[in-house]
Structure formats: C-alpha cells, structure tokens
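The structure under discussion appears below in the form of structure tokens.
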Amino acid sequence: MKTLLASALVILSLVTTSVHAQDNTIRVGMSGQYFPFTFVEQDILKGFEVDVMDAVAKEMEREVEYQTAAFSGLFGMLGAGRIDTVANQITITEERQKAYLFSEPYVYDGAQVVTKAGNEDINGVEDLKGKTVAVNLGSNFEALLRDLPYADEIDIKTYESNIERDTALGRVDAFVMDRVSASQIIKEKPLPLALAGPTFSQITNAYPFKDTERGRVLRDEVNAALKTLRDNGTLKAISEQWFGTDITAP
C-alpha cells in the first residue's frame, strides 16, 4: 500500500512539474521561411523575430518554445491552442482583430512591390493592372491587393515560399511583401530584383493571442515587456543590428 502511495505521489509530482513548466513557457509559432525576420541557417532558427521574442521572454521571466510551420498553418495552430502567439510579421487588420487579441505593435513598415531588375513596365502598385503578382499564402498582402480598385485586373498567385525566385526567373511579373524584407532580400540574395516605386500601404505588426484567460495574461505581459525594451533601447538596437535602421517606432 505504501509503495502504491509513493508511486502515486511521484507521478503527481511529475505531472505538476510538467504543468508548471508549460505554464511558465510561452509557445511561439513562426514559419522559419521569411528572411530576415525568421529563417533557418545550419539547422538554427534565426532572425529579427527570434531576437525580439528572446528578449521579450527574458523580460517576462518565461522560457520560450519555438514551433515552425508553413505560414498558412500558423493561425490554425494558434486557434487550436498548440501555440500561444505568432511571431511572423503579423499585420493588425480589422478582420484579425475580430478573432484575436493583439499586443502593442513592435514593427512599422509598408507594403512594397518588387520586380525583376530591369523591368520598365512596373514602377509602382498602379502598374500591376494586367500583371501576375505573387504574395505569400495567408499574408495580409493578398488582402491589400484585393482592396485596390482595379484588383479584378490583377492575377494574384499565392506561394508558401520562394516568391522572389519566381519573380527573378520571370515566372511572375512581381511580388508584394513588406519593404524591409524586400530590401534585405535584394541586399543579401544573388537575385536580379528591384524595388518598384514607394510603399503603397502602411502596416503595423504585432503578436496575436486567443481571447482566453491565458491569452489575456500573456498579451499584458508581452505589452509590459515591449514597453521596457522600447524604453531601454533594446528594440531599437535589435532592429539596427538586422536592418541598419529602427523599424520598431512609428
């Protein structure tokens, strides 16, 4: 009887420890395929998003657990409770605000058209009429294009990844993503690409959470951490390390 009781106490202790460890961990989803924000290099997850979330979790005094998946599946993981939030340049939109709680923004950017270098037909978003344009599947950029008054004249193609490759190869006429990522791709990757005109929409990115007790607690903790990191210059320093400029302030 004493042996059974002792075994039960050990099991209960292990379960309690496991639950406590999970409670003290923030589970973060990202694609690992959105350079330079989140990418894998030599089997190591890297990027601006990783550095910011590491700093946020440290300020929260929580462990951080990263889970990678295709971008199009990240919100499904969030809805199913497999992750607590998504760190993948998630733009705040009216539709998303109906479904999720959002932290304060930590990135301010704009939507950018990118073409193959030497393309003289596209000099901005107004020239996308009659063109084939790629966007990442599940991203807000598809919605931005569909909001244009001439959206029915644009052939929008959705990709899981490698939209820059197909643009450089001429398989699509252009792609749209945030200006910071587009600029870094042009700078870092050996592809004949060029920015086409100015940004055409301001975007603010933040962390989404489920509207549950845990989600609200984590959202509030993240907001407090972001404020501290903004006030002490950590967010600015991380941004300048990756981009040479501060994208964390409006």
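Output the residue which, of all residues in the range 91-130 that are part of a strand (DSSP E or B) and charged (D, E, K, R), is modelled with the lowest pLDDT.
First, the residues of the range 91-130 that are part of a strand (DSSP E or B): 91, 101-102, 107-116.
Next, from what is left, pick out any that are charged (D, E, K, R): 109, 116.
Working: D109: 94, K116: 97.
Per the criteria, the residue is D109.
Take the range 131-152 and flag every residue that is aliphatic (A, V, I, L, M) and part of a loop (DSSP other than H, G, I, E, B). So that I can check it myself, show each step before the final result.
Residues of the range 131-152 that are aliphatic (A, V, I, L, M), as a first pass: 133-135, 137, 143-145, 148, 151.
Selection gives L137, L148.
Report, by residue number, each residue of the range 170-218 that is small (G, A, S), under 16 Å from I122 (Cβ atoms) and surrounded by fewer than 20 Cβ atoms within 10 Å (Cβ to Cβ). Write out each step before concluding.
Of the range 170-218, the ones small (G, A, S) are 170, 174, 181-183, 194, 196-197, 201, 206, 215.
Then drop every residue that is not under 16 Å from I122 (Cβ atoms), which leaves 170, 174, 182, 194, 196-197.
If the condition is that a residue be small (G, A, S), under 16 Å from I122 (Cβ atoms) and surrounded by fewer than 20 Cβ atoms within 10 Å (Cβ to Cβ), then G170, A194, G197 are the ones that fit.
Looking at I83, I44, which one is farther than 25 Å from I163 by Cα and of a type in the set (A, V, I, L, M)? Even if it seems obvious, please write down each step before you answer.
Values: I44 fails: farther than 25 Å from I163 by Cα.
Selected residue: I83, the only one of I83, I44 that is farther than 25 Å from I163 by Cα and of a type in the set (A, V, I, L, M).
In the set T167, T132, which member is buried (at least 21 other Cβ atoms within 10 Å of the Cβ) and touching a residue at least 40 places away in the same chain (Cβ under 8 Å)?
Numbers: T132 fails: buried (at least 21 other Cβ atoms within 10 Å of the Cβ).
On inspection, the qualifying residue turns out to be T167.
Against the condition part of a strand (DSSP E or B) and not basic (K, R), how does I26 come out, does it pass? If you could, list the steps in order and put the result at the bottom.
Numbers: part of a strand (DSSP E or B): yes; not basic (K, R): yes.
Against the criterion (part of a strand (DSSP E or B) and not basic (K, R)), I26 qualifies.
What is the residue count in the range 158-181 for residues that are under 22 Å from T38 (Cβ atoms) and not polar (S, T, N, Q)? Outline the logic, then answer.
So the first thing to find is which residues in the range 158-181 are under 22 Å from T38 (Cβ atoms), and the list is 158-168, 175-181.
From what's left, not polar (S, T, N, Q): 159-160, 163-166, 168, 175-180.
Number of matching residues: 13.
Scan the range 55-72 and give yes if some residue there is in a loop (DSSP other than H, G, I, E, B), surrounded by 14 or more Cβ atoms within 10 Å (Cβ to Cβ) and at pLDDT below 95, otherwise no.
Kept after step one, since they are in a loop (DSSP other than H, G, I, E, B), are these residues of the range 55-72: 61-62, 69-70.
Of the ones still in play, those that are also surrounded by 14 or more Cβ atoms within 10 Å (Cβ to Cβ) are 62, 69-70.
Keeping just the survivors that are at pLDDT below 95 gives 70.
Yes, there is a match, as at least one residue in the range 55-72 is in a loop (DSSP other than H, G, I, E, B), surrounded by 14 or more Cβ atoms within 10 Å (Cβ to Cβ) and at pLDDT below 95.
The values are calculated or read from the model by the stated rules, or taken from the named source; none is laboratory data. This structure is a prediction, so every number in the text was calculated from the model and none was measured. Using ideal geometry, Cβ is built from the backbone for each residue, glycine included, and neighbour counts are taken over all protein chains shown.
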